[in-house]
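This report concerns only the one structure given below.
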2 protein chains.
Amino acid sequence: MEAAIKEIRQAIGDDDAISTDPEDLKAHGYSEWSSTNIDGLPVAVAYPKSTMEVSKIAKICCKYRVPIIPFSGGSSLEGNFSAPYGGISVDFAYMDKILQFNPGDMDIVVQPSVSWMELNEELARRESGLFFPPDPGPTAKIGGMVGTNCSGTNAVRYGTMKDWVINLTVVLADGTIVKTKRRPRKSSAGYNLNSLFVGSEGTLGLVTEITLKLAVVPQEFSVAVVTFPSIRDAASAAAGVMRAGIQVAAMEIMDEVQMKVVNLSGLTSPRKWKEKPTLFFKFSGTKASVKENISMVSAIAKMHKGGDFEFAKDAKEQKLLWSARKESLWSMLALRKEGGEVWSTDVAVPFSRLADIIEVSKKEMDELGLFASILGHIGDGNFHESIMYDRTVEGEREKVERCVKNMVKRALDMEGTCTGEHGIGIGKKEALFMEVGPDTLGVMESIKSALDPHWIMNPGKIIDVPS
Amino acid sequence: MEAAIKEIRQAIGDDDAISTDPEDLKAHGYSEWSSTNIDGLPVAVAYPKSTMEVSKIAKICCKYRVPIIPFSGGSSLEGNFSAPYGGISVDFAYMDKILQFNPGDMDIVVQPSVSWMELNEELARRESGLFFPPDPGPTAKIGGMVGTNCSGTNAVRYGTMKDWVINLTVVLADGTIVKTKRRPRKSSAGYNLNSLFVGSEGTLGLVTEITLKLAVVPQEFSVAVVTFPSIRDAASAAAGVMRAGIQVAAMEIMDEVQMKVVNLSGLTSPRKWKEKPTLFFKFSGTKASVKENISMVSAIAKMHKGGDFEFAKDAKEQKLLWSARKESLWSMLALRKEGGEVWSTDVAVPFSRLADIIEVSKKEMDELGLFASILGHIGDGNFHESIMYDRTVEGEREKVERCVKNMVKRALDMEGTCTGEHGIGIGKKEALFMEVGPDTLGVMESIKSALDPHWIMNPGKIIDVPS
């Protein structure tokens, strides 16, 4: 390991290229956001400045059989960048540039540490009329977003990360640099390596350049908020909107607890929200289509006992209405007391089952006396549960863990998935095994072994390292 | 090989389960549509009735190292189902059922030989208000559509085959049956095996069940046709529509030759078309949005010298206007004389380059005296070239082949792909190598070897069998 570090330092010819500072190691192996943390840390953190340097690092790590763990935003939730086998965390902090912008083709080439929010700000600054739709947590960066195949509130309209990748430059386990494709928006040429690397959490290679599709910024936006007597009514209304084929830009659900959390946090003050199950809608398109969509959604909401359909009158009010949704995780984190932790997780089910799983899961948590809130990308059948607990109280974490496991099991029983957008990391390996079974996991393992025969790429994530 | 055939007959317990009839072999190894045909034929054709029977066939073929080639619609164009190494063609003719329909979740589970057109007819018959968007050639079936990651005119609005697959049941090379996922519309759980199998042309496994997403049938449709003085003007108008973010349901280009072909064929008679570069638009959505989209597109077309913006007044006229596009390949085939063949191929480029590549490719064909037409999914940067030639005239096929190769090379030079929706098969292996290079092809080869160590699954397609 020390030999590898020394060699990397020499190869890159820069003393700052690799750090063994304890603070640095902790920041790259532990996360207060993540539901899963482990005791170990990486042994060093490398800071490459180019694909070529990443390749050099990989070659050296391959030679010494040292694990490599990619790191960009560090906002993943399932221990996706933890270092159970030590090794070197490769932080893309210095690879944060836009390399090429092709407005005529509506695409852009970026490095892994470009933040999706800054990317959108830059696209607005350039008056391109284009934007990048996937909108996960605000601190996420493109590299990690590729890793977990993340999405966010825009997914119901625009799809998930895999739908926005045109090509990837990837450094393989032995340091070979490959490019998955050239730059067509559509292709049937050979195996779809884009979609294989997207969501593989750095276990098959290190993504160093990403060509992203961009979308045209719609002419008009509107935001509306509607409350319902029960989660089931809200879910039925949402299903009605989907089945009517109304193109909402986003459709989010928040339960009464989450609404209360937002009020308590004061983050959207002076606005106070009704503490009821609530649907948040975003509309976008042309003026006429937005108007029409709103009136259709409003009619459907009424049919399902929706009340107080509130619209934003202008951009400022839009921001205010949407802020309750955007601030939800922060609101929860802000309420933590000393020793408090928030376990945040996600599952997805066929959307006719969403009300069922939410109802049962809420009931279980209530009975166990846990403070938990639910919010979800309801049009995708995907929701998040955030459970607050005190790590200093014996048995409390175990109680939460059991609840999460039960919810995952429930999702699988309803033909769903253990994660809609957070990924497997370390935290959901067992759940993945339950979800797909040994033979399908065996296919994943064969692919992993074929591309990374020494299991040095983010080992212990998604699949257990064979003993 | 004979032992394998005998054993399959015994295992399935049905004499009709496997055929060695010469007519049958020819129908499964040769295609008059395909640009690429070879001399060899499969040695037998198996007709399984269930996933379990497919698994039995695969186990026996694995034991005897006999190649397996999947077959459904037989409409692929690059020799995708040819049998260069002999072996057994597995025809899914008897696996043509809808297994489960989940209207509440907007999905449906089907077997490989369900035709996409019949699927849509059935969905209409059940008054589900749902449809399946990908629309390749009318004879295509879902199994083959998965194999080639096909698309069609709806792709600009709805994406390609990979975007509509929720899960797959796959029989692996050794007969193991796996299911890629359960039934969530969105998932980040492990490697994206859906997208790996979609487009793998049966080289990684035999797909026996497919769960497809469905979309809501829009309220309103409209169709319009506009002519332009040049392909470049038409392409500029199309780019303008894309950059304005107007959501067309389809946007197709046909050159003056293709319009002439349609007129000559008489297939849309009594309607006669202007023999000029033409854009075909399909609009769909709510009443207001369709109206609005039409007026925006009409304004953009005018800015690019578009004339004679013709609308369909009703459903019948819509069908008539759209028919010129739908009948284009048939029109071309209908014009063949004795000995005549049509070479139909596709490439895709970043869409700002579409006019360039079409102009140069047309010029080359004109200079060589070839009769060729162009039509394309212009919003995806994807177009088809259909070249007529006489196989009995010496050197004519070679001339066509050279033209196609040059067009592919041009597409790659413009950062495009050698195929947007037809796949690689046998015909474009060299092109794929040029497109991605040896290292990326090496990644594909590793995956192939990992999942099919004896190279018995549709060998010789996409990647050469290692010698």
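The values are calculated or read from the model by the stated rules, or taken from the named source; none is laboratory data. This structure is a prediction, so every number in the text was calculated from the model and none was measured. Positions of Cβ are generated from backbone atoms using ideal geometry, with glycine treated the same way; all protein chains shown enter the neighbour counts.
Exactly one condition in (1) within 20 Å of B:Cys150 (Cβ to Cβ); (2) facing chain A (nearest Cβ under 7 Å); (3) not in a helix (DSSP H, G or I) is false for B:Leu432; which is it?
For B:Leu432, the exception is condition (3).
Restricting attention to the range B:57-84, which residues are more than 24 Å from the chain's Cα centre (by Cα) and hydroxyl-bearing (Ser, Thr, Tyr)?
If the condition is that a residue be more than 24 Å from the chain's Cα centre (by Cα) and hydroxyl-bearing (Ser, Thr, Tyr), then B:Tyr64 is the only one that fits.
Considering only residues of the range B:424-461 that are in contact (Cβ under 8 Å) with a residue 40 or more places away in the chain and among the aliphatic types (A, V, I, L, M), which is surrounded by the fewest Cβ atoms within 10 Å (Cβ to Cβ)?
Per the stated criteria, the residue is B:Ile426.
Condition first: on the phi < 0 side of the Ramachandran plot and over 24 Å from the mean Cα position of the chain (by Cα). Now tell me which residues in the range A:265-285 satisfy that.
A:Ser269, A:Pro270, A:Arg271, A:Lys272, A:Trp273, A:Lys274, A:Glu275, A:Lys276
Specify the residue that is surrounded by the most Cβ atoms within 10 Å (Cβ to Cβ); the eligible residues are those in the range A:274-288 that are at pLDDT below 90 and touching a helix residue (DSSP H, G or I) at 6+ places or on another chain (Cβ under 7 Å).
Going through the qualifying residues, I end up with A:Thr286.
Counting just the residues of the range B:314-351 that are closer than 25 Å to A:Met106 by Cβ and not in a loop (DSSP other than H, G, I, E, B), which one comes out modelled with the lowest pLDDT?
Going through the qualifying residues, I end up with B:Arg325.
Restricting attention to the range A:352-381, which residues are touching a Lys or Arg at 6+ places or on another chain (Cβ under 9 Å) and either among the aromatic types (Phe, Trp, Tyr) or part of a strand (DSSP E or B) (or both)?
A:Ala372, A:Ser373, A:Ile374, A:Leu375, A:His377
Take the residues of the range B:126-145 that are farther than 19 Å from B:His377 by Cβ and not in a loop (DSSP other than H, G, I, E, B): which is farthest from the chain's Cα centre (by Cα)?
B:Leu130
Give me the pairs, please: first residue somewhere in the range A:403-414 and under 18 Å from A:Pro350 (Cα atoms), second residue anywhere and acidic (Asp, Glu) and in a helix (DSSP H, G or I), beta-carbon distance under 6 Å, and either six or more positions apart or on two chains.
Taking only residues 6 or more apart or on different chains, the pairs are A:Leu412/A:Glu435.
Any chance you could count how many residues in the range A:241-254 are within 8 Å of chain B (Cβ to nearest Cβ) and either outside any helix (DSSP H, G or I) or touching a residue at least 24 places away in the same chain (Cβ under 8 Å) (or both)?
Going through the range A:241-254 one residue at a time, the tally reaches 4.
Looking at B:Leu375, B:Leu412, B:Leu368, can you tell me which residue is modelled with pLDDT under 95, closer than 26 Å to A:Arg183 by Cβ and touching a helix residue (DSSP H, G or I) at 6+ places or on another chain (Cβ under 8 Å)?
B:Leu375
Report the residue count in the range B:183-240 for those that are more than 24 Å from B:Lys49 (Cα to Cα) and part of a loop (DSSP other than H, G, I, E, B).
The number of residues fulfilling the criteria is 16.
Do you know which of the residues in the range B:333-358 that are of a type in the set (D, E, K, R) and within 14 Å of another protein chain (Cβ to nearest Cβ) is surrounded by the fewest Cβ atoms within 10 Å (Cβ to Cβ)?
Ranking the candidates gives B:Asp356 first.
When the residues of the range B:15-38 are filtered to those that are at pLDDT below 90 and loosely packed, with under 14 Cβ neighbours inside 10 Å, which remaining residue is nearest to B:Arg391 (Cα to Cα)?
Ranking the candidates gives B:Glu32 first.
Among the residues of the range A:289-315 satisfying the criterion of being closer than 25 Å to B:Lys291 by Cβ, surrounded by fewer than 19 Cβ atoms within 10 Å (Cβ to Cβ) and of a type in the set (Gly, Ala, Ser), which is nearest to the other protein chains (Cβ to nearest Cβ)?
The qualifying residue nearest to the other protein chains (Cβ to nearest Cβ) is A:Ser295.
Cβ-Cβ distance below 6 Å, separation of 6 or more or different chains: which pairs start in the range B:84-113 with a residue that is polar (S, T, N, Q) and end on one that is surrounded by fewer than 16 Cβ atoms within 10 Å (Cβ to Cβ)?
Between residues of the range B:84-113 that are polar (S, T, N, Q) and residues that are surrounded by fewer than 16 Cβ atoms within 10 Å (Cβ to Cβ), the close pairs are B:Gln111/B:Lys97; B:Ser113/B:Ala93.
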